[in-house]
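Asks: Pasting a structure below so you can have a look.
The values are calculated or read from the model by the stated rules, or taken from the named source; none is laboratory data. The structure displayed is predicted, hence computed values, not measured ones. All Cβ positions, glycine included, derive from the backbone under ideal geometry; neighbour counts span all protein chains shown.
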Amino acid sequence: MWCALVIGCAPPPEREIVIAMTEYGFVPPTIEVRTAERVRLVVRNIGRLEHDFMPDDRGRALGLSHVHLGPGGNASNDWTAPTEPAEIRVICTVVGHETLGMVGRLAVHPRASPPPGSP
Ligand SMILES: [Cu+2]
């Protein structure tokens, strides 16, 4: 939290989250992080077609990157979750893929209530 006040301060990620893209979905379909958590988002295309990871307007405003990958590609971006809870929708913008179910969700949970299923 204190770090947000310091311009250019980039602490190392607390956690690495791998998101696989395939025909036609994101695995896992829901990414759960906590407020202000610093994560490394690793996006991998494990499918046979090109895919992309496109956060909605809110997500992009919060600094999430749009990632476009060919088969076998991967990209990693460090990201700091916002200090307020948020729900971000992620889709693949390759024509037809969203309709075929290529939709994901990134949920930012308050620190006080850990995401369901966490230890
Ligand atoms: Cu796709």
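Asks: Scanning region 42-73 for residues that are of a type in the set (A, V, I, L, M) and in contact (Cβ under 8 Å) with a residue 40 or more places away in the chain, which turns out nearest to ALA20 (Cα to Cα)? Full working, then the answer.
Replies: As a first pass, look at region 42-73 and keep what is of a type in the set (A, V, I, L, M): 42-43, 46, 49, 54, 61-62, 64, 67, 69.
This time we only want the ones that are in contact (Cβ under 8 Å) with a residue 40 or more places away in the chain, so: 49, 64, 69.
Numbers: LEU49: 13, LEU64: 16, LEU69: 11 Å.
Per the stated criteria, the residue is LEU69.
Asks: Within region 27-50, track down each residue that is in a strand (DSSP E or B) and not charged (D, E, K, R).
Replies: VAL27, THR30, ILE31, VAL33, VAL39, LEU41, VAL42, VAL43, ASN45
Asks: Oh, and also: Applying the selection to region 55-100, what residues are in a strand (DSSP E or B) and within 16 Å of the ligand (Cβ to nearest atom)? First the steps, then the outcome.
Replies: Of all residues in region 55-100, those in a strand (DSSP E or B) come to 55, 67-69, 74-80, 86-91.
Correct list: PRO55, VAL67, HIS68, LEU69, ASN74, ALA75, ARG89, VAL90, ILE91.
Asks: Test each condition in (1) closer than 25 Å to PRO11 by Cβ; (2) modelled with pLDDT under 95 for ILE88 and report the one that comes out false.
Replies: (2)
Asks: While we're looking at this one, here's another question. Give me the pairs, please: first residue somewhere in region 76-96 and of a type in the set (Val, Ile, Thr) and surrounded by fewer than 16 Cβ atoms within 10 Å (Cβ to Cβ), second residue anywhere and at pLDDT 95 or above and assigned to a strand (DSSP E or B), beta-carbon distance under 6 Å, and either six or more positions apart or on two chains.
Replies: Partner pairs satisfying both residue conditions: THR93/ASP52; THR93/MET54.
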